[in-house]
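See structure below.
The values are calculated or read from the model by the stated rules, or taken from the named source; none is laboratory data. Small disclaimer: the values here were computed from a predicted structure and weren't measured. Here the Cβ positions follow ideal geometry from the backbone for every residue, glycine too, while neighbour counts run over all protein chains shown.
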Amino acid sequence: MKPNRWKPALPQLLRGVFSLPIFTVTSTKAPWHWPVAFTHSSLRKMRTPFYVSLLGMVVITSTSFKKKLPLVSKATRNSYYVLVTKSKYELKVFDSTGEWIVTYPVVFGNKDLGDKMMEGDRKTPEGVFHIAGKRKHEKWNSFMMLDYPTQESVEKFNRRKAAGMIPSGARIGGAIGIHGTWPNEDYAIDQYQNWTEGCISTKNNYIREIFELLPVGTKIEIRR
């Protein structure tokens, strides 16, 4: 079951229309969630960005920053390391010292989140890759191509074919990358919709940040 982004308690929500809002909110960091009670005074003290509607509902944004993003002009292929964890629906960026910088929500292809076996299975490959190229995309805002398949990918593919795990005529596939969503469909990320053909997708405003931050050659590790 996919985790909820937020979950206001209905009785408290209704009371919030007529009085000071008190809510039970679920954390947006998948897959963990825990209830947190917010009062009018505690909301003013929050550092996490949020939106308040006329009905008193609170929606916490899902990007998590530890510090300001550094100057892009100084970045090299070794400035950052990216860890994508499919089971957590997260893309984390670390600096060259291993310090965490930022986490972005992402979705994938096949909903079972397994390792890519062959072309057409819509699965996102696991392993260590690098950004092979970057370009603006006519459909999904921006596209960062990964160097899949690597030699490791080919060896796994051949072992699986030899073991009969995939058809003898299957192909390994390619064109795997990181990109945005269709215009006005960022909700696919909020709803954990694994809609791609095996790529990694995030919101369009997030892919713009990632596109500007990470240079070609940056290491991308993808885990289950």
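For the reader, a short list of remarks on this structure follows.
- Condition check for E138: within 14 Å of the chain's Cα centre (by Cα) and either modelled with pLDDT under 95 or in the same structural domain as Y206 (by TED's automatic domain parsing) (or both): no
- Residues in the range 70-97 that are of a type in the set (S, T, Y), modelled with pLDDT of 95 or more and in a helix (DSSP H, G or I): S87 only.
- Scan of the range 169-203 for residues that are of a type in the set (F, W, Y) and part of a loop (DSSP other than H, G, I, E, B), ordered by number: W182, Y192, W195
- Residue check for E197: in contact (Cβ under 8 Å) with a residue 60 or more places away in the chain, over 26 Å from S153 (Cα atoms) and out of contact with any strand residue (DSSP E or B) (no Cβ under 8 Å at 6 or more places or on another chain): no
- Flag for V128 being under 19 Å from V84 (Cα atoms), in a loop (DSSP other than H, G, I, E, B), of a type in the set (A, V, I, L, M, F, W, C) and modelled with pLDDT of 95 or more: no
- Checklist (1) of a type outside the set (V, I, T); (2) out of contact with any Gly (no Cβ under 6 Å at 6 or more places or on another chain); (3) closer than 23 Å to E126 by Cβ applied to N184, failing item: (3)
- Residue satisfying all of: in the range 204-224; among the hydrophobic types (A, V, I, L, M, F, W, C) and assigned to a helix (DSSP H, G or I); farthest from the chain's Cα centre (by Cα) among these: L213
- Test: G164 is loosely packed, with under 15 Cβ neighbours inside 10 Å, free of Cβ contacts under 8 Å to residues at least 60 places away in the same chain and out of contact with any Lys or Arg (no Cβ under 6 Å at 6 or more places or on another chain): yes
- Residues of the range 167-182 satisfying the condition of being of a type in the set (A, V, I, L, M, F, W, C) and out of contact with any strand residue (DSSP E or B) (no Cβ under 7 Å at 6 or more places or on another chain): A170, I172, A175, W182
- Top-ranked residue of the range 82-111 - restricted to ones that are farther than 19 Å from I176 by Cβ and among the β-branched types (V, I, T), ranked as surrounded by the fewest Cβ atoms within 10 Å (Cβ to Cβ): T97
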